[in-house]
2 protein chains.
Amino acid sequence: MLEIGKIAIIGAGNTAYTLCKLLKSKGIDPYCMLVRDAEKAKKVSEDLGVETVTDYEKVLKTDLAIIAVNDDAISEVATHLLDYKGLAAHTSGTKSAELLNRTMRFGVFYPLQTMSKNREIEFEEIPLLIYANSPDDVEMLSRFAGHFSKKVVFCDDEQRKAIHLAAVYVSNFTNVMLGIGDKLLKENGMALDLMKPLVMEMIEKSFEISPKDALTGPARRGDFATIGEHEKMLADNPDELAIYMILTDYIIENYQKK
Amino acid sequence: MLEIGKIAIIGAGNTAYTLCKLLKSKGIDPYCMLVRDAEKAKKVSEDLGVETVTDYEKVLKTDLAIIAVNDDAISEVATHLLDYKGLAAHTSGTKSAELLNRTMRFGVFYPLQTMSKNREIEFEEIPLLIYANSPDDVEMLSRFAGHFSKKVVFCDDEQRKAIHLAAVYVSNFTNVMLGIGDKLLKENGMALDLMKPLVMEMIEKSFEISPKDALTGPARRGDFATIGEHEKMLADNPDELAIYMILTDYIIENYQKK
């Protein structure tokens, strides 16, 4: 079924774990996983039921090496793959594919998802952003990715970096907003759970009709009485107040019907 | 079934529409809806299949009047209810219940949800925050609300205002983050839809394990190289850059493991 041959996964973090599970979900066993630390390698092997190695000997025999390590460690990994005949693809949202350009065949295999070792994810819904430095490898990687995801997107470095930046807003910063809500509720003896139906409905609506059209609230209405009252309520939370003010101004400048 | 008797809804906006549908979903027809503008009243009657009135005569015969008007219009409505014998409850997240204190029996009936005229909402999931100025009316309103929602919460003014403020962060400001993501993706020829699995997974994770524990990303990791690159990419978007900087600083100050 899989024309791609033997696959190595390099790394032992959240992404490496998730990718290993991704492969296994389709009955594909990685040929090996490279984990430098011997003790950690043993644990990974037990956790995932794969062969782990601590040096590159077996990796060099594979057809695809997925480099799922921290951004800062990609270059170091690349030094071990100078004579690699397979396709070396990193999984970073921000790093250029060119970081691997001393390898003959290189690319990117970037799953657009937040990953945790212990959470089950519906793989088919995760967009896989791919890139390779030759049309043949693009096609190969695209077919490979298509086994796992309904959404395979070819992206160059610039597009992938824009997606990664956008993801900081829609995922990390959105999370911060939930965190502030959590804090304000706790200060008043209540719990964030109360907010879940509101948040889910707003998110659904935003994706359905666009965030701009889905926006409600005092800033959107230009309700300065409520804004003033909110700012007074935040007197003891100066950091949260500063965020309230900058985002309220942003809405007034950018979102109000003119 | 419903001990509460006749119900009037005052208003013709998103909340009034949603509350009318809420009642009808349980087979309860509002006794009347008050819509001051005669033409609008006709449309509301057609839209919702209820009797609409333009003056307070029939409203004064009801047992519960739900005042679903703009915050600024609540006081004006109250002037018509000075001799009202029923329970007058407004639906505002921010206004004090005391705004209605010239009526003998007053309270609040606040559905914690973003409302649109044309969207179907699962009412049972919407928290209903209630308040009344007598224990009997608290109990009555609580039983009434319990017909519609699995989550009825008694809240005083202060708690309700804190919830409303928290809702600005978790709903409105979260929406702004999606809006910025949308903008950045469009500038690079891509669409926000790509982000939906990421956003949904992050939200689920935040509610499950807490926003703080669910946070990932460059600021959380203290990855200043990526932060620097992102800030460079935002050079042509000064407003979005300012938001990036303040939220990144907030994460570094408040969320990093110490």
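The values are calculated or read from the model by the stated rules, or taken from the named source; none is laboratory data. In this text the structure is predicted, and so the values were computed from the model without any measurement. Note: ideal-geometry Cβ built from the backbone for every residue, glycine included; neighbour counts use all protein chains shown.
Step by step: first the residues of the range A:45-68, then only those that are of a type in the set (Val, Ile, Thr) and buried (at least 17 other Cβ atoms within 10 Å of the Cβ), then the one that is nearest to A:Arg119 (Cα to Cα). Which residue is that? Only one residue fits best here, namely A:Val50. Scanning the range B:124-160 for residues being facing chain A (nearest Cβ under 10 Å) and surrounded by 17 or more Cβ atoms within 10 Å (Cβ to Cβ) gives a total of 9.
For B:Ile251, the test of being buried (at least 16 other Cβ atoms within 10 Å of the Cβ) and in contact (Cβ under 8 Å) with a residue 24 or more places away in the chain is passed.
Annotation note: of A:Asp71, A:Asp83, the sole residue that is surrounded by 15 or more Cβ atoms within 10 Å (Cβ to Cβ) and of a type in the set (Asp, Glu) is A:Asp71.
Restricting A:Val170, A:Val108 to those that are buried (at least 16 other Cβ atoms within 10 Å of the Cβ) and within 13 Å of chain B (Cβ to nearest Cβ) reduces the list to A:Val170. Every listed requirement among (1) more than 25 Å from the chain's Cα centre (by Cα); (2) more than 30 Å from B:Asn254 (Cβ to Cβ); (3) at pLDDT below 95 is met by B:Lys186 save one, (3). Taking the numbered list (1) surrounded by 15 or more Cβ atoms within 10 Å (Cβ to Cβ); (2) within 26 Å of B:Arg221 (Cα to Cα) in turn, A:Ile4 passes all entries but (2).
If you go through the range A:121-143 and keep only what is assigned to a helix (DSSP H, G or I) and farther than 30 Å from B:Lys205 by Cβ, you end up with A:Pro135, A:Asp136, A:Asp137, A:Val138, A:Glu139, A:Met140, A:Arg143. I need the full set of residues from the range B:176-213 which are surrounded by 24 or more Cβ atoms within 10 Å (Cβ to Cβ) and over 11 Å from A:Ala166 (Cα atoms), in order please. Hits for the range B:176-213 are B:Val176, B:Met202, B:Ser206, B:Pro211. The residue that is farthest from B:Cys20 (Cα to Cα), among those in the range B:71-110 that are among the β-branched types (Val, Ile, Thr) and touching a residue at least 60 places away in the same chain (Cβ under 8 Å), is B:Thr94. Search the range B:218-241 for residues being without any contact (Cβ under 8 Å) to a residue 12 or more places away in the chain and surrounded by 14 or more Cβ atoms within 10 Å (Cβ to Cβ), and hand back the single one that is farthest from the other protein chains (Cβ to nearest Cβ). Across the range B:218-241, the extreme among qualifying residues is B:Leu241. Taken as a whole, the range A:242-251 holds at least one residue that is under 26 Å from B:Asp193 (Cα atoms), more than 7 Å from every other protein chain (Cβ to nearest Cβ) and at pLDDT 95 or above. For the range A:70-95, a tally of residues being modelled with pLDDT of 95 or more and closer than 19 Å to A:Val168 by Cα returns 1. None of A:Leu194, A:Leu178, A:Leu215 is under 23 Å from B:Ile251 (Cβ atoms), of a type outside the set (Val, Ile, Thr) and at the interface with chain B (Cβ under 7 Å from one of its Cβ atoms) except A:Leu178.
Looking only at the range A:21-29, decide whether some residue is at pLDDT 95 or above and surrounded by 15 or more Cβ atoms within 10 Å (Cβ to Cβ). Looking through the range A:21-29, none of the residues is at pLDDT 95 or above and surrounded by 15 or more Cβ atoms within 10 Å (Cβ to Cβ). So is A:Asn118 within 12 Å of chain B (Cβ to nearest Cβ), under 16 Å from the mean Cα position of the chain (by Cα) and either part of a helix (DSSP H, G or I) or within 22 Å of B:Leu178 (Cβ to Cβ) (or both) or not? Spelling it out, it is not the case that A:Asn118 is within 12 Å of chain B (Cβ to nearest Cβ), under 16 Å from the mean Cα position of the chain (by Cα) and either part of a helix (DSSP H, G or I) or within 22 Å of B:Leu178 (Cβ to Cβ) (or both). Taking each residue of the range A:39-53 that is acidic (Asp, Glu) and looking for partners that are assigned to a helix (DSSP H, G or I) and surrounded by 13 or more Cβ atoms within 10 Å (Cβ to Cβ) with beta-carbon atoms closer than 8 Å, six or more apart or interchain, yields A:Asp47/A:Tyr17; A:Glu51/A:Ser45. Just checking, does the range A:69-92 include any residue being of a type in the set (Lys, Arg) and in contact with a helix residue (DSSP H, G or I) (Cβ under 9 Å, 6 or more places away or on another chain)? Yes: one or more hits.
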